[in-house]
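The block underneath contains the structure these notes are about, expressed in C-alpha cells.
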There are 2 protein chains.
Amino acid sequence: MLRVRPQEVNEAIRPVFDDRDKAAAIDKGRLLARGLPAAPGAAVGKAVFDADRAVEWARANEKVILVRPETSPEDVAGMYAAEGIVTARGGRTSHAAVVAVGMGKACVVGASEIVVDEHRRVFEVGGRIVREGDWISVDGGTGEVLLDSIKTVEGELGDEVTELLTWADRYRKEGLGVRANADTPLDAQRAREFGAEGIGLVRTEHMFFAPDRIPIVREMIMAADQATRRIALEKLRPFQRDDFIGIFRAMDGLPVTVRLLDPPLHEFLPNHKEYKELIETRSRLEALGINPEEQARLEAIIANVEKLREANPMLGHRGCRLGITHPEIYGMQVRAIMEAACTVAEQGVHAEPEIMIPLTGTVGEMKETFQQTKRVADGVIAETGVAVKYLIGTMIEVPRAALIAAQIAEFAEFFSFGTNDLTQLTYGYSRDDVAKFLPKYLDMGLVPHDPFSVLDQEGVGEMVKIGIERGRSRRPNLKIGICGEHGGEASSVEFCHRVKMTYVSCSPYLIPGARLAAAQARIKERQVGGSGDYRV
Amino acid sequence: MLRVRPQEVNEAIRPVFDDRDKAAAIDKGRLLARGLPAAPGAAVGKAVFDADRAVEWARANEKVILVRPETSPEDVAGMYAAEGIVTARGGRTSHAAVVAVGMGKACVVGASEIVVDEHRRVFEVGGRIVREGDWISVDGGTGEVLLDSIKTVEGELGDEVTELLTWADRYRKEGLGVRANADTPLDAQRAREFGAEGIGLVRTEHMFFAPDRIPIVREMIMAADQATRRIALEKLRPFQRDDFIGIFRAMDGLPVTVRLLDPPLHEFLPNHKEYKELIETRSRLEALGINPEEQARLEAIIANVEKLREANPMLGHRGCRLGITHPEIYGMQVRAIMEAACTVAEQGVHAEPEIMIPLTGTVGEMKETFQQTKRVADGVIAETGVAVKYLIGTMIEVPRAALIAAQIAEFAEFFSFGTNDLTQLTYGYSRDDVAKFLPKYLDMGLVPHDPFSVLDQEGVGEMVKIGIERGRSRRPNLKIGICGEHGGEASSVEFCHRVKMTYVSCSPYLIPGARLAAAQARIKERQVGGSGDYRV
C-alpha cells in the first residue's frame, strides 16, 4: 500500500491522445518531429518561441507550447506558463528535461530536426514552416511533436488499480473522506465513478459562463438598479435550478457543497484584450467620423467595464462582499439550490445540499449571510412543503477567518479551506502574476515547491491548523474539508489527514490518487503510533 | 494626561486655510455659500455630484469634494473617497454630518443657497454656476464653501501643547519611541521639530517620482537587458545619494530606516487613464493613416505597459521579489545609502542607517537579500574607509512572515510591521478597491471601524503579536516598530505599547498625538498594574 505512488494511479486516468486521431494525423503527414520523451503527458497549444510571449499569451488564457533551441533559467517563467515544452537540442538531463519533470509538464527534448528561428518567430522542420500561434501537439511519453490540435481521451482505472483502491478505502475508513470539485452533472457522475463520496465544491459561477447565459449575466451586471437586476436574476434562476437538479440526481445519497457566487462581477464582462479592442474600434470610428450608433454602443460597454474595473480584483468586491452589497444575487442562488433539492426529493432522490459562503473574513459577514441564506432556504421549504435538510457553512480562505474561526463556527455548520486563496493571501502572491518571479525562486532554491501545487505546511498549513482548532473549540464535531487544488496532491492530503480534516475535495481526475494518499496517511500514522495492527 | 485626546494635539498642527489667501478670495467674491460647520477641516478638491464619480475620480488620484442635495447610505462610498462633503439640506445630526465626523472628513451641511442639479452635473448658487470638475474649497470649521483652491498652511504646536508633550515624553520614557515616516530632508526636519526620535520609514520610491528622475526611472524599467538597466541605475544613484545625505544631516544622531524599492515597476509607467489615451491616440492616427513615427512610438510605450501589467499588482512582482529578480536595483540603492552615510560621517554627522527589505515572506528571501545588502554595504565601507554602523532588517507585512518570524530574525536585525499591507492580506482587502463595499459594511455595522484607519486588534493584531513573540524568541532584543498609518492612531498606538514594540512611526503631522497616546498607554498600564507610582 505504501509502495505505489498516488500520482501513478492518477496517471492511469490521465487524458492521453486519442489513438485514432493521432494515427490519422500521422497518416496525413502531420508528424513534425520525434525527439526524446523527457516528461510524460499529452499537451496541445499554440507554438511560441520565447518565454515572455508564453507568459503573456497564457495570461490571456491561451494554451501555448514553448518551442526553444534549448532552455536556460531565463526560460523558466515561460515553461511554467506553457502546457508543454519542445527543445531542438539537449538530452534527458538537460535543463528543459529536468525542469519539466519537476513541473509535471509534457516535454520533448533533442528534437534535432527542428530549426528554431526566434527572430522570425517560426520553426522549420523538413522544409515545413510552423509559425507563432500555429497549433501543435506534444506527446511527452513518445517524443512525438505533431501539427494541429490532436484530440485527447480519458484513461480508465482498470481492474488492478480498482482493486488497489478498494484496499485503500478500507484503510481510509477511519481517516479522510474524498470528495470532488465538480460543476456539472457530467463531472459529478465521473467523480462518482472514480470513487468520490460527495461533492466538496460546485462553483456556481462556472454555470454563468455558458453561451446561453452570459448575455443574461451581463444584463444582471449592467443593471442600473436593483429592480432591473432582479428581472435578469429571475431569468437566470431556472438555468441554475436545472443544473443543481442534475447534480443532486447524480449524487443521490451523497452531500453536495455549493459555493455561492465568488469572483468579482467584471470577470463576466469583456477581458483586457477585448476591452483594448473596444477602445481601438471606437477611436477609429470616431477618427473617421462614421457610425455614431456603434460608437455610442461601444462607449457604453467601455464605461461599464471601467466602472467595475478594480486595481486588485482578487482583493476586491467579490465573494460574500458581493452577496452582502447585492443580496438579490445570493438570494436567487439559494432559492435555485433549494428548489432543485426539493424537486428531486419529491422524486425520491436523497439530496444533501451544503450551501457555502465564500471569502468570509469577519463574524458580521458570517452572521449576515447565514441569516439571509436561512431565510430564503426555509422559505422554499415552507412553499414546497418538502423538508430537505441542508447545512450552511463557509470557506476559510482569508487569514482573518482562520484567526476568528471560533466566532465564525458560532454560525457556520461546516468549514472548507480554500487553500488557493489562503495561499495567495498568506504569501501575498497573486496566482496570475506569480510567473514573474516564482520560477526564479524555484530555480534559486528560495522556495522548495510551488505553493499553489504543494501545500506550504509551514505557513499556510499553520493558518489551516489554527482555523481547525478554533473552529472545533466552538463546535467540536465541525465538518471540515479542503477544496483548493491541494486536495489532490499526495503530501497535502497527508497533511489534511494529520490535522484531522473530515475530507479532501479535488478534481475528478485526482480522486484515485487522493484515495490512495489518504489511505497511506492513515497507515503511516499507525506505524508512527507503533500499534502494529494493520487489520482494518 | 489622560484627559486630553491625542487627536486634539494633532489638530493644533493640522493644515488650515491660509487666512490671507482666504480673505483675498472672499474679497474677490469667491465665497459661494455659508452652511453649518458639521465636521472640521480644510478640504480642497474638484466638485462632483454623485458618489460613483467621486469614487472613480479619486481612484484616478483626483481630489474631489462631493456636493449633494443631501446624503443617504448609497453615498457613503463617495463620501469615503472625497476630501470633503457639502450638502444643501440637513442639520448637524443629518446623515452627512454624522458620517463625515466618523470619517474625519471636512463637512458643511445645510448650505441652503446651493441648488444641486445632478443631471446636468452643476450646482447653482446666487446666479453662479459651478460645474463638475471646478475646484472648490470647504472649511468645515466655519461652514464656508469657496470657489477655487485656497492655500493651506501648517499650524503650530504652541506653548501649552509643547509643555503637555514634554510631560508626556517623561511618562513615555519607559514605553514607546516615536519616529516619523518621511521621504525628504524637509519632512525629516519638520518631524524632528514635532519630536520625532528617528525616521521609521523613508520610501525610496517617492524619490523616483520627481520630474527630473521619472524619465531615467522609465529608462531603467524599459531596459531590454541588465547592462542597459545598470546604466540607467548609475544615473539615478547620485540623486538617491544626495537625498539620503540631506536626510541623514537632518536626523544627525538619530536612526533612519530606509526601505528599498517596494511598488511594482509599472507604477512608474503611464497610469490606466493615460494608457487608455495612448491607445485612443494611436488608433486615431492609424485610422487616418498619418504620422507613422508617432504611431510606432506610442505602440512601443503601450507594449511596455502591457508587458508589466499585472492582474493584481498588490500581490505581484514588487518588494523584495523585484530586488531578487533584479539585484542591480537594490544594489544601487544600498550603495547610495551607504555612500551618503559615509560622506556625512566624514563631515562629523552621526548617521545611523537601518536598511529595510520590504515584503519578505520566506526565509530564503530574507537570507538572499540580507547577504546581497551586506556585501554591497561592506564594500562601500571598505572603499571609503569610513566605519559607519548600519543594520539590515525587514518589513513584516505578509502574514507568512509573521508566522515564520523566528527564522526571519535569524538574519533580520530589526522588524517593522507594515500594517497597511498586513491589513490588506489578513482581510483580503485591496485598499484601492475597498470603497465598493467597506462603507456599506460600516453602515450595516458589520465591521466596527475602517481597518486601514484603526488597527484591527483581533485579526491583524494577532498576526502582529505572533510576529513579535516569534521574532524575539530568536533575538530577544529585536528592535520592533510599526510604519503603517496606524502608527499615528491613538488606539493602535496603545496596542503597540501593550505588545511591547520599540517604537511607532507615523506621518510628521501625527507625531504630537502619537507622543501623547504612547504616554497615555504607559499610564493606563500602570493603573491596571496598580503600582500607583506615577513618578517618572
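The values are calculated or read from the model by the stated rules, or taken from the named source; none is laboratory data. Because the structure is a prediction, the values reported are computed rather than measured. Cβ: placed from backbone, ideal geometry, glycine included. Neighbour counts: every protein chain shown. Note: areas computed on protein heavy atoms with side chains; ligands, DNA, RNA excluded. Shrake-Rupley method; radii C 1.70, N 1.55, O 1.52, S 1.80 Å.
Within the range A:10-115, report the trypsin sites (Lys or Arg not before Pro) that DSSP leaves as loop and that have at most 13 other Cβ atoms within 10 Å.
The qualifying sites are A:K28.
Over the C-alpha atoms of the range A:45-118, what are the Rg and the largest Cα-to-Cα span, Dmax, in Å?
Reported Rg and Dmax, both Å: 10.8, 32.
For an R0 of 60 angstrom, estimate the FRET efficiency from the Cβ-Cβ distance between B:E525 and A:D134 and round to the nearest 0.05.
0.25
Positive end of the charge dipole of the protein assembly as shown (Lys, Arg +1 and Asp, Glu -1 on Cβ, about the Cα centre): tell me which of A:G364, B:A188, A:V4 has its Cα farthest that way.
Ranked along the dipole, the leading option is A:V4.
To the nearest µm²/s, what D does Stokes-Einstein give for the protein assembly as shown at 37 °C and 0.692 mPa s, using the Kirkwood radius over alpha carbon pairs as Rh?
103 µm²/s
List the equivalent ellipsoid semi-axes of chain A in whole Å, largest first, each obtained as the square root of 5λ for an eigenvalue λ of the Cα gyration tensor.
Sorted largest first and rounded, they come to 39, 33, 22 Å.
Taking the Cα centre of chain B as origin, sum charge times position over the Cβ atoms of Lys and Arg (+1) and Asp and Glu (-1), and report the length of that vector in debye to the nearest 20.
For chain B, the charge dipole is close to 1060 debye.
Based only on Cα atoms, what mean projected area does the convex hull of the range A:213-267 have, in nm²?
Average projection, Cα convex hull of the range A:213-267: 4.4 nm².
Using Cα pairs closer than 8 Å and at least 6 residues apart in sequence, work out the relative contact order for the range A:399-511, in percent.
36 percent
For the range A:123-243, what Kirkwood radius comes out of the mean inverse Cα-Cα distance, in Å?
Taking every pair of different Cα atoms in the range A:123-243, averaging 1/r and inverting gives 19.4 Å.
To the nearest hundred square angstrom, how large is the accessible surface buried between A and B, total for both chains, probe 1.4 angstrom?
5800 Å²
Dividing the Cα radius of gyration by the Kirkwood radius, what Rg/Rh value follows for the range A:354-421?
Taking Rh as the inverse mean 1/r over Cα pairs, Rg/Rh reads 1.03.
Any idea what the A:D18 label distances to the other copies are, label 7 Å down the Cα→Cβ vector, nm, shortest first?
7.7
What does the range A:75-187 give for Rg and for Dmax, in Å, if only its C-alpha atoms count?
19.6, 62
Given R₀ = 35 Å, FRET efficiency for A:R120-A:H272 by Cβ-Cβ distance, to 0.05?
The pair A:R120/A:H272 has a calculated efficiency of 0.80.
Relative contact order for the range B:103-153: what percent, with Cα pairs under 8 Å and sequence separation of 6 or more?
31 percent
What percentage of the solvent-accessible surface of chain B, computed with a 1.4 Å probe over protein heavy atoms, is contributed by carbon and sulfur atoms?
50 percent
Counting residues in the range A:178-282 as N, plug N into 2.2 N^0.38 Å and put the Cα Rg over that result.
1.28
Accessible area per residue for the range B:382-516 in Å², computed with a 1.4 Å probe and the full protein assembly in place, what is it?
31 Å²
If you average over every viewing direction, what projected area does the convex hull of the Cα atoms of the range A:1-136 give, in nm²?
Convex hull of Cα atoms, orientation-averaged projection: 9.1 nm².
Chain A: longest stretch without exposed chymotrypsin sites (Phe, Trp or Tyr not before Pro) (DSSP loop, at most 16 other Cβ within 10 Å), sites themselves excluded?
Maximal segment without exposed cleavage sites: A:210-533.
Principal axis lengths of the range A:387-443 from Cα atoms, whole Å, largest first?
54, 25, 14 Å, listed from the longest principal axis down.
Would you work out which of B:I404, B:G331, B:G379 lies farthest towards the positive end of the dipole of the range B:325-426? Charges go on Cβ: Lys and Arg +1, Asp and Glu -1.
Ranked along the dipole, the leading option is B:I404.
Relative contact order of the range B:39-141: what whole-number percent is it, with Cα pairs under 8 angstrom and at least 6 residues apart?
35 percent
Express the C-alpha Rg of the range B:156-209 as a ratio against the empirical globular expectation 2.2 N^0.38 Å, rounded to two decimals.
The range B:156-209 yields a ratio of 1.33.
In Å², and per residue, what accessible area does the range A:146-260 have when probed at 1.4 Å with the other protein chains present?
So the range A:146-260 comes to 45 Å² accessible per residue, rounded to a whole number.
Which pairs in the list A:K63/A:K436; B:K28/B:K105; A:K307/B:K63; B:K479/B:K500; A:K105/A:K151 are over 22 Å apart, alpha-carbon to alpha-carbon?
Going by Cα-Cα distance, B:K28/B:K105 fall outside the 22 Å limit.
Which value at 222 nm does chain B reach when only helices count, each DSSP H run of 4 or more adding -39,500 (n - 2.57), with the total divided by all residues and rounded to the nearest 500 deg cm²/dmol?
Helices in chain B give a 222 nm mean residue ellipticity of -14500 deg cm²/dmol.
Can you compute the FRET efficiency between B:R20 and B:S112 using 1/(1 + (r/R0)^6), with r the Cβ-Cβ distance and R0 = 22 Å? Round to the nearest 0.05.
0.15
Given bins 10 angstrom wide, list per bin the percent of all Cα-Cα distances in the range A:247-359, short to long.
Pairs per bin, as whole percents: 13, 29, 22, 19, 13, 5, 1.
Across the range A:348-362, in residue order, what do the Karplus-derived ³J(HN,Hα) couplings come to in whole Hz, using 6.51 cos²θ - 1.76 cosθ + 1.60 with θ = phi - 60° and x for Gly and Pro?
Listing the rounded values in order: x, 8, 8, 9, 10, x, 10, 8, 10, 8, x, 6, 4, x, 9 Hz.
Per residue, how much space in cubic angstrom lies within the convex hull of the C-alpha atoms of the range B:384-536?
Looking at the range B:384-536, the number lands at 166 Å³ per residue.
Hey, any idea what Rg/Rh is for the range A:284-423, computing Rh the Kirkwood way over Cα pairs?
Dividing the radius of gyration by the Kirkwood radius yields 1.16.
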